[in-house]
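The values are calculated or read from the model by the stated rules, or taken from the named source; none is laboratory data. Everything numeric here is computed off the predicted structure, so don't read it as measured data. Please note: Cβ atoms are built from the backbone with ideal geometry, for glycine as well, and neighbour counts cover all protein chains shown.
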Amino acid sequence: AQSVTQLGSHVSVSEGALVLLRCNYSSSVPPYLFWYVQYPNQGLQLLLKYTTGATLVKGINGFEAEFKKSETSFHLTKPSAHMSDAAEYFCAVSEGGNNRLAFGKGNQVVVIP
Amino acid sequence: DTGVSQNPRHKITKRGQNVTFRCDPISEHNRLYWYRQTLGQGPEFLTYFQNEAQLEKSRLLSDRFSAERPKGSFSTLEIQRTEQGDSAMYLCASRKEGGLETQYFGPGTRLLVL
């Protein structure tokens, strides 16, 4: 079965600093990879996804992620954190013919003024 | 396109009671998914529909759980004889047919079993 590992449940970053959230996956087939963001008491919103083609993927709100097959990674970055980036971030891999998503445990991002 | 909607947004119930949640997917999305999210965890897959057919159920879905999508549009998730361990956020997502399509999530229903 495919799975996702996100280390460090809580991540603190200063406003204006680099945001880096790490995601490693395991998959026996070429994966489809996703980053979702969740604000308090809300559902999940897609930030970006990798399916095929270019390995550097740009998403909403200035986020981007790079698919590295050799490292089985899909880390999420943003050059300059904003207060509005405070939220929980989930990495997910699509598995099976039904395309159900397997999620990591998430990273709670706190932005320090 | 109004997005995926879920009702109710919050539900408090006593142990042993039955509860039912509703999900209205984005129109023309023929695939519908239910997930459960407990505190501090990522969402976990529960079940999946393609049109009105329930094609897959997770081992997490005990016999007390039942889901339907009778006309291939909205879906309901019922939990019978609720237990405190059922307290969680229940998320619904929908997507179009096609391998590259994105799942769009609703706001969720937060269940608290006392």
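Restricting segment B:72-99 to residues that are away from every other protein chain (no Cβ under 14 Å) and among the acidic types (Asp, Glu), which is farthest from A:Val37 (Cα to Cα)? Quick ask: steps written out before the conclusion?
The initial filter retains those residues of segment B:72-99 that are away from every other protein chain (no Cβ under 14 Å), namely B:72-87.
From what is left, the residues that are among the acidic types (Asp, Glu) are B:78, B:83, B:86.
On the way: B:Glu78: 27, B:Glu83: 29, B:Asp86: 24 Å.
Among those that are away from every other protein chain (no Cβ under 14 Å) and among the acidic types (Asp, Glu), it is B:Glu83.
Quick test for you: out of A:Tyr39, A:Tyr25, pick the one residue that is surrounded by fewer than 17 Cβ atoms within 10 Å (Cβ to Cβ), among the aromatic types (Phe, Trp, Tyr) and at negative phi.
Numbers: A:Tyr25 fails: surrounded by fewer than 17 Cβ atoms within 10 Å (Cβ to Cβ).
Only one candidate passes the filter, namely A:Tyr39.
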Note to self: Go through (1) farther than 21 Å from A:Lys49 by Cα; (2) aliphatic (A, V, I, L, M); (3) in contact with a Pro (Cβ under 7 Å, 6 or more places away or on another chain) for B:Leu32 and report which single condition fails.
What the structure shows: (1)
Notebook entry, point to check: If you scan segment A:25-57, which residues turn out to be assigned to a strand (DSSP E or B), touching a residue at least 40 places away in the same chain (Cβ under 8 Å), more than 14 Å from A:Ala87 (Cα to Cα) and out of contact with any Gly (no Cβ under 9 Å at 6 or more places or on another chain)?
Noted result: A:Ser26, A:Leu33, A:Phe34
Next item on the list: Assess whether A:Val4 counts as being among the aliphatic types (A, V, I, L, M), part of a strand (DSSP E or B) and within 20 Å of B:Gln37 (Cα to Cα).
Entry: yes
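What residue, of B:Gly16, B:Gly72, is small (Gly, Ala, Ser) and either within 30 Å of A:Thr5 (Cα to Cα) or surrounded by 14 or more Cβ atoms within 10 Å (Cβ to Cβ) (or both)? Write out each step before concluding.
Values: B:Gly16 fails: either within 30 Å of A:Thr5 (Cα to Cα) or surrounded by 14 or more Cβ atoms within 10 Å (Cβ to Cβ) (or both).
One residue alone meets the criteria, B:Gly72.
Evaluate segment A:9-24: report whether one residue or more is in a loop (DSSP other than H, G, I, E, B), at pLDDT below 95 and closer than 28 Å to B:Arg31 by Cα. Break it down stepwise before answering.
Filtering segment A:9-24 down to residues in a loop (DSSP other than H, G, I, E, B) leaves A:9, A:15-18, A:22-23.
Remaining after also requiring at pLDDT below 95: A:9.
From what's left, closer than 28 Å to B:Arg31 by Cα: none.
No, the conditions are met nowhere in segment A:9-24.
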Item checked: Condition met for B:Thr82 (touching a Ser or Thr at 6+ places or on another chain (Cβ under 8 Å), of a type in the set (S, T, N, Q), touching a residue at least 12 places away in the same chain (Cβ under 8 Å) and outside any loop (DSSP other than H, G, I, E, B)) -> no
Next item on the list: From B:Thr109, B:Thr102, grab the single residue that is surrounded by fewer than 20 Cβ atoms within 10 Å (Cβ to Cβ), touching a Lys or Arg at 6+ places or on another chain (Cβ under 9 Å), within 11 Å of chain A (Cβ to nearest Cβ) and not acidic (Asp, Glu).
Entry: B:Thr102
